[in-house]
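Computed from the coordinates by the stated procedures, all read-outs in this text should not be read as laboratory data. Because the structure is predicted, anything quoted here is derived from the model rather than measured. For neighbour counting, all protein chains shown are included, and Cβ atoms are generated from backbone atoms with ideal geometry for every residue, glycine included.
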Amino acid sequence: MEQMIDELNDEEEPPSGLVGQSSSSSASQSRTLVSSSHLEKRSKRSLMRNYFVIEKSDDGEERAYCKKCPKSYLWQPTSGTSNLKRHYEKCSLNVDVERKRVKFDDKIAREKFSRVIIRHNLPFLVVEYEELRDFHSYLNPDYKCYTRNTAAADVVKTWEKEKLRLRSELEKIHSRVCLTSDCWTTAYGDGYIVVTAHYVDAKWILNCKMDFE
């Protein structure tokens with residue numbers, strides 16, 4: 001009986017060489033896991049350092065700002081970087097590593113803002129608003145502020161340009177033009193008349209164009 005127990009114990013104990021190989025394999029796997037984890041952390045830090053800047057927002061929260069575009073993400077030291085990686089892969093398809101500087105043209109900017117004045121019926125004085133000037137300067141330091149008289153002149157130029165464009169468009173249409181008019185007097189006694197032209201263009205789209213006098 002004692003002999004049988006000794007034989008069973010001998011079968012359960014692995015050879016000394018296998019024990020050494022097993023412990024060596026476990027240590028090697030542990031080093032591999034630690035090494036891969038370390039490389040992953042280094043990769044995350046490299047992504048953060050090269051393509052994002054960590055800054056505090058106005059509400060005190062830390063955010064990761066992309067160096068290529070204005071996009072930002074809420075950042076916490078314990079959070080992952082999968083959303084940053086997805087944004088980097090998407091952003092790098094359309095934008096170069098260095099942000100491109102767009103050439104600023106004063107004439108184009110003034111013409112576009114004259115259309116804002118016309119469309120929203122703003123006073124010419126709007127171009128002299130202090131906060132608006134500060135906003136434009138923040139968007140582009142090369143922006144040159146101008147006076148209400150210049151804004152009025154820009155609106156007239158835009159109106160003349162649109163009038164010529166409308167005249168050229170009306171000369172090309174083959175349909176009839178229906179005209180309607182409306183008259184009114186302001187509280188200050190100024191009289192106005194507006195004439196509206198209704199017509200169908202070559203694409204069969206109904207258009208309504210107005211002219212003030």
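Work out from phi, with θ = phi - 60° and the Karplus expression 6.51 cos²θ - 1.76 cosθ + 1.60, the ³J(HN,Hα) of each residue of segment 68-76, listed in order in whole Hz, and give x for Gly and Pro.
9, 8, x, 5, 9, 9, 5, 10, 9
Please give the contour-minus-distance gain from HIS198 to LYS71: 0.36 nm per residue of separation, less the Cα-Cα distance, rounded to one decimal in nm.
Here the answer is 41.2 nm.
With a cut-off of at most 15 other beta carbons within 10 Å, and DSSP calling the residue loop, which trypsin sites (Lys or Arg not before Pro) in segment 133-213 qualify? Please list them.
Of the trypsin sites (Lys or Arg not before Pro), the ones in loops of segment 133-213 whose Cβ has at most 15 other Cβ atoms within 10 Å are LYS144, ARG176, LYS203.
Can you compute the modelled spin-label distance between GLU62 and CYS183, with each label point 7 Å from Cα toward Cβ, in nm?
Rounded to a tenth, the inter-label distance reads 7.2 nm.
Which order do ILE193, ILE118 fall in if you start with the one that has the fewest other Cβ atoms within 10 Å?
Neighbour counts put them in this order, fewest first: ILE193, ILE118.
In sequence order, what are the phi-derived ³J(HN,Hα) couplings for segment 198-204 according to the Karplus relation 6.51 cos²θ - 1.76 cosθ + 1.60 with θ = phi - 60°, rounded to whole Hz, with x for glycine and proline?
Calculated HN-Hα couplings, in order: 10, 7, 10, 7, 5, 9, 6 Hz.
If I stretch the segment between ASP142 and ILE118 completely, what's the gain in nm (0.36 nm per residue apart, minus their alpha carbon distance), one decimal?
This chain segment gains 6.2 nm when fully extended.
In nm, give the distance between the simple-model label positions of ARG167 and ASN149, each being 7 Å from the Cα along the Cα-to-Cβ direction.
Going from the ARG167 label point to the ASN149 one covers 2.8 nm.
If R₀ is 35 angstrom, what is the calculated FRET efficiency for the pair LEU206 and VAL126, using the beta carbon separation as r and rounding to 0.05?
0.60
Quick one: what are the phi-derived ³J(HN,Hα) couplings along segment 130-136, Karplus 6.51/-1.76/1.60 with θ = phi - 60°, whole Hz, x for glycine and proline?
Here the 3J(HN,Hα) series is 4, 5, 5, 4, 5, 5, 5 Hz.
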